[in-house]
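Trainee: Right, I'll just put the structure down here and ask away after.
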Amino acid sequence: MPANILLVEDEPAIQELIAANLARAGHHVVRASDAETAQRIVREALPDLVLLDWMLPGASGIEFARRLRAEERTREIPIIMLTARGEEQDKVTGLEIGADDYVTKPFSPRELVARIKAVLRRRAPQATEDAVELGGLRLDPATHRVTAGDKALALGPTEFRLLHFLMTHPERVHSRAQLLDQVWGDHVFVEERTVDVHIRRLRCALEPTQHDGLIQTVRGSGYRLSVQAQQAATVS
Ligand code: CA
């Protein structure tokens, strides 16, 4: 799955160069030239990652990063800081405000793409093309296939995204609201019971190979994909 990347950079030539390279690497890029525009974009839809220039007209990249980290809704967005300043103190400041990585200009586009991949792998694995294997299931985002051993399972597009998110965030309980944000996109006005409908379809799709037990309902909280709980259930 390509990642949605918000690029905040005020120098047109650099913005163009980075955007072209990210697009070539298969990502969707949304651009902003200042923090205020970036803030409006984030309010509309959460990006998978923010590439943030330090020196911007108006509010600086550091101020914008602080704002993102201060708000519940945007706290978890991975941030890579871009800067022309290579001083040690700047790096420390960048990492202190919670940036995930720090790239000093001039950098090679290939290095930047590699850093983005590393941060996404760590912080937003559902936004990468990496295949995931768990509990006897294998999900391959590149080919859109889910297999259990040599059996292919038929999943609709929403069930596929739902399973991808759950497999990349296993053993944790996700509320219906969180699943809507992560799988349907936030600010999408869908009723919470829609989640239940797709969980039901997902379980049906996993039933032929008895993998439906991986998806657990946690009463009053939401849903969880758990290999441990399924194993415990099989043993008892
Ligand atoms: Ca700048």
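The values are calculated or read from the model by the stated rules, or taken from the named source; none is laboratory data. In this text, all values refer to a predicted model and were calculated from it rather than measured experimentally. Using ideal geometry, Cβ is built from the backbone for each residue, glycine included, and neighbour counts are taken over all protein chains shown. Quick note on the areas: whole protein, heavy atoms, side chains included, nothing else; ligands and nucleic acids left out. Shrake-Rupley method; radii C 1.70, N 1.55, O 1.52, S 1.80 Å.
Trainee: Taking Cα atoms of the chain, Rg/Rh with Kirkwood Rh, to two decimals? Display every interim value, and only then the final one.
Mentor: Numbers: Rg = 19.6 Å, Rh = 19.2 Å.
Rg/Rh: 1.02.
Trainee: Here is a further query. Using only the heavy atoms of the protein chains and a 1.4 Å probe, how would K91, K117, K105 rank by accessible area, largest first? Walk me through the intermediate numbers first.
Mentor: Working: K91 75, K117 105, K105 35 Å².
Sorted descending by solvent-accessible area, the residues read K117, K91, K105.
Trainee: Rank-order 204-215, 64-75 by packing density, defined as the average count of other C-beta atoms within 10 Å over each peptide's residues, highest first.
Mentor: 204-215, 64-75
Trainee: Among L120, M81, P12, flag the residue with its Cα farthest along the positive direction of the charge dipole of the chain, charges on Cβ as +1 for Lys/Arg and -1 for Asp/Glu.
Mentor: L120
Trainee: Alpha carbon centre of the stretch 199-236 versus the stretch 145-183: separation in Å?
Mentor: First find each Cα centre; the distance between them is then 11 Å.
Trainee: Give me the log10 of I(q) over I(0) for the stretch 1-59 at q = 0.15, 0.16, 0.20, 0.21 Å⁻¹, as the Debye formula computes it from C-alpha points; what are the numbers?
Mentor: One equal scatterer on each Cα of the stretch 1-59 leads to -0.39, -0.44, -0.69, -0.75.
Trainee: Any idea what log10 I(q)/I(0) is at q = 0.10, 0.12, 0.19, 0.24 Å⁻¹ for the stretch 5-104, Debye with uniform C-alpha scatterers and no solvent?
Mentor: Relative scattering, expressed as log10 I(q)/I(0), comes to -0.23, -0.33, -0.88, -1.40.
Trainee: Ok, one more. May I ask for the Rg/Rh ratio of the stretch 139-185, computed from Cα atoms with Rh as the Kirkwood radius, given to two decimals?
Mentor: On the way: Rg = 11.5 Å, Rh = 11.5 Å.
Ratio value, two decimals: 1.00.
Trainee: Alpha carbons only, please: Rg and Dmax for the stretch 132-235, in angstrom.
Mentor: Final numbers for Rg and Dmax: 13.0, 42 Å.
Trainee: What is the local net charge at A84, summed over the other residues whose Cβ is closer than 12 Å to its Cβ (Lys, Arg +1; Asp, Glu -1)? Display every interim value, and only then the final one.
Mentor: On the way: positive: R85, K105; negative: E9, D10, E11, D53, E87, D90.
The answer is -4.
Trainee: Here's another thing I want to ask about it. A142 to S175: FRET efficiency via 1/(1 + (r/R0)^6), r the Cβ-Cβ distance, R0 30 Å, to the nearest 0.05?
Mentor: Numbers: r = 30 Å, r/R0 = 0.98.
The computed FRET efficiency comes out at 0.50.
Trainee: According to the Cα gyration tensor, what semi-axes, each the square root of 5 times an eigenvalue, does the equivalent ellipsoid of the stretch 69-203 have, listed from largest to smallest in whole Å?
Mentor: Working: eigenvalues 228, 76, 25 Å².
Ellipsoid half-lengths, sorted descending, are 34, 20, 11 Å.
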